[in-house]
Amino acid sequence: MAVHPFSHTAALIFHRSKKFVLKLNRKYNSGNNSSNNNSSCGKVNKRNQQDHDPDYLYKRGEAYLFGRAGEPKDEKKAFDYFQRASKLNHTEARGVLGFCYEFGLGVEKDFKRAELHYIPAAESGNGLAQARLAFLRKYGRPCVRIDRAEAEMWQQKVKEQGIGCEIDFEGATHWLERAASSGCRRSCERLKTLLVKECLGQETSGNVYLTGYCAAAA
């Protein structure tokens, strides 16, 4: 069968045109993907920086612990953030992490682990850890030894810093445990939240509120 003399040329032009269009299309998509990739990389880099920023992790922990900054109250997430900040040597996070273990905030109660976190935090000057370690050394808990001399030492350090002078940690703990043992969940949860805020210095008139909640839990 006879072949038209221009058919081969037409086919070649069509083939080259198609390749040219495909090449342009790839170049255009590559540019868009590059922009998207840069945006994605920027987000990933920011997230990586935040994951290695102990102050950021600590603040996120507080947000979830108290239900702030648009976040729901979630003690487990709060514990996770405090734990990550603690691993980056954030002293306050380490003290709060001990507090979480002592009172079961987002994690099962473990007095020994609480003590292990309180000790380095207290030695670094954290007031919360010093106050709680003083309490544990004075009264003891399962797997935690009593040492009255050490308790007095830590209590003195707390007073020297002017921390906890108006906060009745012992009384608050007493009522917290009493509320828990009596099965009064609402009083227990409110006292626990109040005690956390007191320890973190976020409750300005804690003694007034504490007296009322103690009466309610009695």
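Flag set for residue 184, criterion: over 15 Å from residue 96 (Cα atoms), outside the structural domain of residue 61 (by TED's automatic domain parsing) and either surrounded by 14 or more Cβ atoms within 10 Å (Cβ to Cβ) or modelled with pLDDT of 60 or more (or both).
Exactly one residue out of 123, 150 is assigned by TED's automatic domain parsing to the domain that holds residue 78, free of Cβ contacts under 8 Å to residues at least 24 places away in the same chain and under 15 Å from residue 92 (Cβ atoms): that is 123. Residues in region 63-74 that are surrounded by fewer than 21 Cβ atoms within 10 Å (Cβ to Cβ) and either small (Gly, Ala, Ser) or part of a helix (DSSP H, G or I) (or both): 63, 66, 67, 69, 70. With respect to the stated conditions, residue 145 fails to be charged (D, E, K, R), farther than 18 Å from residue 62 by Cα and surrounded by 16 or more Cβ atoms within 10 Å (Cβ to Cβ). Going by the conditions given, is residue 99 surrounded by 15 or more Cβ atoms within 10 Å (Cβ to Cβ) and touching a Pro at 6+ places or on another chain (Cβ under 6 Å)? When the stated conditions are applied, residue 99 does not pass them. In this entry, residue 56 is excluded by the filter for residues that are crowded, with 22+ Cβ neighbours inside 10 Å and in a helix (DSSP H, G or I).
Just wondering, is there one or more residues in region 111-122 that are at positive phi and surrounded by fewer than 23 Cβ atoms within 10 Å (Cβ to Cβ)? No, because not a single residue in region 111-122 is at positive phi and surrounded by fewer than 23 Cβ atoms within 10 Å (Cβ to Cβ).
The values are calculated or read from the model by the stated rules, or taken from the named source; none is laboratory data. Only a predicted model underlies this, so the values are computations on that prediction, with no experimental measurement involved. FYI the Cβ positions are ideal-geometry reconstructions off the backbone, even for glycines, and counts take in every protein chain you see.
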